[in-house]
1. Among the residues of the stretch 29-62, count how many are of a type outside the set (A, V, I, L, M, F, W, C) and touching a residue at least 60 places away in the same chain (Cβ under 8 Å).
2. Pick from Arg162, Arg216: which is modelled with pLDDT under 85, in contact with a strand residue (DSSP E or B) (Cβ under 8 Å, 6 or more places away or on another chain) and open to solvent by 40 Å² or more (accessible area, probe 1.4 Å)?
3. Yes or no: the stretch 70-82 includes at least one residue that is open to solvent by less than 40 Å² (accessible area, probe 1.4 Å) and of a type in the set (A, V, I, L, M).
4. Scan the stretch 69-84 for residues that are more than 28 Å from Glu59 (Cα to Cα) and either of a type in the set (A, V, I, L, M) or not in a strand (DSSP E or B) (or both) and jot them down.
5. Go through (1) within 30 Å of Gly77 (Cβ to Cβ); (2) buried (at least 17 other Cβ atoms within 10 Å of the Cβ); (3) at pLDDT 95 or above one by one and return the number of the condition Val148 breaks.
6. Which pairs turn up if I take residues in the stretch 225-242 that are closer than 28 Å to Tyr100 by Cα and look for partners that are open to solvent by 40 Å² or more (accessible area, probe 1.4 Å) with beta carbon separation below 6 Å, at least 6 apart in sequence or on another chain?
7. Of the residues that make up the stretch 23-38, is at least one of a type in the set (Gly, Ala, Ser), outside any helix (DSSP H, G or I), over 13 Å from the mean Cα position of the chain (by Cα) and modelled with pLDDT under 95?
Amino acid sequence: MKRTFAAVVAAALLAGVATAEPAADKPLRTAGEWAVSLDAQGHVVALKQTTSLKPILGEPLERAIRGWTFEPGRIDGRPQPTETTLNVSVVLEPSGTDGYAIRIDDVGTGGGIRKLPTLRVNPRDVREGTYLYVMRVAYDRDGKVVSVTPEAGTPEVPSGVRRNMEIVMKGATFAPERVGGQAVAADVVIPMCVSMARNRMPPADGACEWTPPRKRSAIGSGQRVAVDPAAKLLSDVIGRTL
């Protein structure tokens, strides 16, 4: 929710629909996702956004992505045309009096999420609080989940919450990467968060986010990080400003 809100606000500010307020001097963070097709040399040959970034933000990102180079997947050691899901996290930094510069904060490739069922928790099962549970999920070539296990370092959560989160994740389906036309089974790491409060206050900033090892940006509940994606970014873009 936090990322989606930032995307809407940033798009409005960039389009000049809203005027700058005291909080507008702080960077805004958001992310976009694209289905990307690569040729055997790792060049982008097709690109389709699967999120809803406004054109004023999505279009410059897409122009940049089309110039990036990737390492495609391989079959028997030989590079092959590859289809992957690309996630790009950006920071919108104040630039001038009424504009924002787009800085690439993090990039990830891998399979995408097709369906993630809604998490339901009985309030009688847990005490008031915020619970974050990080799972490693393995899926097969059809995108069906074959195992769900706790990721190393995940925070402890009540057994009932953990059980419900694992049940939800077992009902998820994925869009595997494809290498040379063949779907690839893979592992992903996904955090899931639930907050229980009588006053319906949102969780504290960062309480429902998790920062994967060797990654710059935290990810929110229901987002994913591929463990060993077939396609990998080669271009040095982290920290670059568009």
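The values are calculated or read from the model by the stated rules, or taken from the named source; none is laboratory data. None of these values were measured; they are calculated from a predicted model. Cβ: placed from backbone, ideal geometry, glycine included. Neighbour counts: every protein chain shown. Ligands, DNA and RNA are stripped out before the accessible areas are found, and what is left, the full protein with its side chains, is counted by its heavy atoms. Shrake-Rupley method; radii C 1.70, N 1.55, O 1.52, S 1.80 Å.
1. As a first pass, look at the stretch 29-62 and keep what is of a type outside the set (A, V, I, L, M, F, W, C): 29-30, 32-33, 37, 39, 41-43, 48-52, 54-55, 58-60, 62.
This time we only want the ones that are touching a residue at least 60 places away in the same chain (Cβ under 8 Å), so: 29-30, 33, 42, 50, 60.
Adding up the residues that qualify gives 6.
2. Working: Arg162 fails: modelled with pLDDT under 85.
None of the other options fit; the residue is Arg216.
3. Residues of the stretch 70-82 open to solvent by less than 40 Å² (accessible area, probe 1.4 Å): 70, 72-73, 82.
When the remaining residues are screened for being of a type in the set (A, V, I, L, M), the result is none.
Scanning the stretch 70-82 turns up no residue that is open to solvent by less than 40 Å² (accessible area, probe 1.4 Å) and of a type in the set (A, V, I, L, M).
4. Here is the first cut: in the stretch 69-84, the ones more than 28 Å from Glu59 (Cα to Cα) are 74-79.
Those that are more than 28 Å from Glu59 (Cα to Cα) and either of a type in the set (A, V, I, L, M) or not in a strand (DSSP E or B) (or both): Ile75, Asp76, Gly77.
5. (1)
6. Every condition considered, the pairs that remain are Leu234/Thr69; Leu234/Glu71; Ser235/Thr69; Thr241/Arg103.
7. Of the residues in the stretch 23-38, the ones of a type in the set (Gly, Ala, Ser) are 23-24, 31-32, 35, 37.
Still in the list and also outside any helix (DSSP H, G or I): 31-32, 35, 37.
Right, trim to over 13 Å from the mean Cα position of the chain (by Cα) and you get 37.
After this cut, where a residue has to be modelled with pLDDT under 95 as well, the list is none.
No; the residues of the stretch 23-38 include none that is of a type in the set (Gly, Ala, Ser), outside any helix (DSSP H, G or I), over 13 Å from the mean Cα position of the chain (by Cα) and modelled with pLDDT under 95.
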